[in-house]
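Below is one structure, written out as structure tokens, with a few remarks after it.
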Amino acid sequence: MTSPVNSPEPQRPTEPPAAALFDALVTAHATVYGYGIVSARSTPEDNYLVAKAIGAHREHREALLDMLARRSVDPPLVAAGYQLPMAVDGPIDAANLAVRMENDAAVAWRAVVEQTDDHDERAYAVSALTQCAVNAAFWKQTLKIWPVTTAFPGGTE
């Protein structure tokens, strides 16, 4: 996952459901940032994938802000910058970063599914987790990686 650079450390809640939502928002902030890099390094043919994915992660970010507000939890702020987990020098690197970010987002959403006690949050998290898995599959197709899917996205099984 991309990580913040020179950002004040947010106060992460201790309650597991709120902590999972908080962590998912941290991941969403980083993913939106990372897709800016992916966009700059992708081929024009892959721009539709970038647009689709960044739009989804922005929507997820807004939903997470609402979920945290309903729990009276102050959300983490967007960092001024993020350290990428790899160098991104061209279209292949960009697609690999996209796969990595989608997998990281899937991990965060799976934690929400596992930790939340709210039916609506869980339903949203399942949908977001599925969307991350589908986005990763499209990027893997671009990279010609097989298999393009995993049995249980966001997990290690």
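Every number in this text was worked out from the coordinates using simple rules, so none of it is lab data. As the structure is a prediction and not an experimental result, all values here were calculated from the model. Cβ: placed from backbone, ideal geometry, glycine included. Neighbour counts: every protein chain shown.
Taking H as built 1.01 Å from N, whose amide H comes closer than 5 Å to the amide H of Tyr82, not counting residues under 5 places away?
Here the answer is Val5, since their amide H atoms fall under 5 Å of that of Tyr82.
How far is it, in nm, from the label point at Glu157 to the one at Asp66 when both lie 7 Å from their Cα along the line to the Cβ?
Once both label points are built, they end up 3.1 nm from each other.
For a label point 7 angstrom out from the Cα of Glu15 toward its Cβ, which stretches of region 50-73 have the backbone nitrogen within less than 14 Å?
Backbone N within reach: 67-73.
On a C-alpha basis, how far is the centre of region 115-157 from the centre of region 72-94 in Å? Whole number, if you could?
19 Å
For Phe22, Phe138, Phe152, what's the fewest-to-most ordering of other Cβ within 10 Å of each Cβ?
Final ranking by Cβ density, sparse to dense: Phe152, Phe138, Phe22.
Using a Debye calculation, one point per C-alpha and no hydration shell, please list log10 I(q)/I(0) for the chain at q = 0.15, 0.16 Å⁻¹ in order.
-0.75, -0.85
Please report the equivalent ellipsoid semi-axes of region 93-132, computed as sqrt(5 x eigenvalue) of the Cα gyration tensor, largest first, in whole Å.
24, 9, 4
State, as an integer percentage, the relative contact order of the chain based on alpha-carbon contacts under 8 Å between residues 6 or more apart.
30 percent
Please order Met67, Met101, Met86 by the number of other Cβ within 10 Å, starting at the fewest.
So the residues, fewest neighbours to most, are Met86, Met67, Met101.
Rounded to the nearest 0.05, what FRET efficiency is calculated for Thr130 and Arg58 with R0 set to 25 Å and r the Cβ-Cβ distance?
0.90
What's the magnitude of the charge dipole for the chain around its Cα centre, counting Lys and Arg as +1 and Asp and Glu as -1 at the beta-carbon? Answer in Debye, nearest 20.
340 debye
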